[in-house]
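Colleague: Submitted below is the structure of interest, expressed as structure tokens.
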């Protein structure tokens, strides 16, 4: 296949070029003529970008008593339509289960059901960690692990003392630790007797900004002491962004935020049906949101990811009346690229290269799959998006599952015309190609 006449965004920048795909990979980039019998995609006036990556999604899983609304099929179908070709989900070790068995369980669930390629982060729950097994998994390519400094009641809490042990052991392996940063002591110190559980806005009071900042400070200190690469997920406070920026000179730290922290504020929680926007960390005050937007435009975040965690409408509404009973999470997969395009490119006049960096290259580096993924270069997987950046306005759609829309009324001119996944056309002329079966792969 030859993609001809587009503006191609490579790691070196943008240039008008043609791009040839052979098998699953990019074969060459340049001034190319069609070969006899070669199919040609006319990309004149369009942009060609690497397939985007959402490195933080919760799909086709059970959290507490709730089955999540999105399956691999529904989530990956919508993702492809917006230019996302790789998703990274999470595996939480179950009681009595080895890490290898947990990985097999989730990989089996994805195979034959996902239209995107998939990779997983691992959360071990037993202590001490089975280090011989961890070493084997890292050597086999499973290089990212996730821990939480809260969620004690769910059995996910990890103390800073244990974090230190984990980071000391992971550092020489070349693995990276993802951390959900909310200090459990700060959360437990909140005076719940002063909380009105019927007011969804109280969720923001139950999980104050200070909890995130305190945990980020502790984790950054551990990263500097141990040399372990650390990635702070879903940063929701500008003060935490500042702490991370200051630590970059002496610690291997990266961070992400989610579109909802850049677009929404805690005022939405006070509106009718505000409980439907309960997520953790919670939406923040308008002043914090504005600072986060400025940080995003200035390049403070290594990447953006959705933390997509969509519950069914019935499950989300079941907790109405007590915000503590509302399952915490929002839909976002279908909004990642359109919302960041509107924010960074349309509003802040940054180039499309910013999307190629923050939504493709850097997520691929986090996952340990760059430059196989996340780059337009000879030899890289032919995960490609051909897009009209000035298309007709259309609604932003976060999910096609039975879950509430996170961004009702929002529109975008991001118009995906073609998508290739490892050289195979999966979106053509703006429409999903219906294969006999989903062809997404589970990455090692």
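Colleague: Go through the range 387-415 and give me each residue that's more than 14 Å from residue 339 (Cα to Cα) and in a strand (DSSP E or B).
Modeller: Selection gives 387, 388.
Colleague: Within the range 316-374, how many residues turn out to be farther than 17 Å from residue 302 by Cα, in contact with a strand residue (DSSP E or B) (Cβ under 7 Å, 6 or more places away or on another chain) and assigned by TED's automatic domain parsing to the domain that holds residue 174?
Modeller: Summing the residues that are farther than 17 Å from residue 302 by Cα, in contact with a strand residue (DSSP E or B) (Cβ under 7 Å, 6 or more places away or on another chain) and assigned by TED's automatic domain parsing to the domain that holds residue 174 in the range 316-374 gives 6.
Colleague: Let me ask something else. Just to be sure I understand, how many residues within the range 421-437 are assigned to a loop (DSSP other than H, G, I, E, B) and either over 21 Å from the mean Cα position of the chain (by Cα) or without any contact (Cβ under 8 Å) to a residue 24 or more places away in the chain (or both)?
Modeller: Initial filter on the range 421-437 (assigned to a loop (DSSP other than H, G, I, E, B)): 422-423, 429-430, 433-437.
If we keep only those that are either over 21 Å from the mean Cα position of the chain (by Cα) or without any contact (Cβ under 8 Å) to a residue 24 or more places away in the chain (or both) too, we end up with 423, 429-430, 433-437.
So the count comes out to 8.
Colleague: Would you kindly identify the helices (runs of 4 or more DSSP H) lying entirely within the range 303-372 that contain at least 3 residues that are within 20 Å of the chain's Cα centre (by Cα)?
Modeller: In the range 303-372, the matching helices (runs of 4 or more DSSP H) lie at 336-340, 352-356, 362-367.
Colleague: Would you check if there is a residue in the range 128-139 being in contact with a strand residue (DSSP E or B) (Cβ under 6 Å, 6 or more places away or on another chain) and surrounded by 13 or more Cβ atoms within 10 Å (Cβ to Cβ)? Steps first, answer last, please.
Modeller: Just the residues of the range 128-139 that are in contact with a strand residue (DSSP E or B) (Cβ under 6 Å, 6 or more places away or on another chain), to begin with: none.
For the range 128-139, residues in contact with a strand residue (DSSP E or B) (Cβ under 6 Å, 6 or more places away or on another chain) and surrounded by 13 or more Cβ atoms within 10 Å (Cβ to Cβ): absent.
The values are calculated or read from the model by the stated rules, or taken from the named source; none is laboratory data. Quick caveat, the model's predicted, so the values are computed rather than measured. Cβ sites come from the backbone with ideal geometry, for glycine too, and all protein chains shown count toward neighbours.
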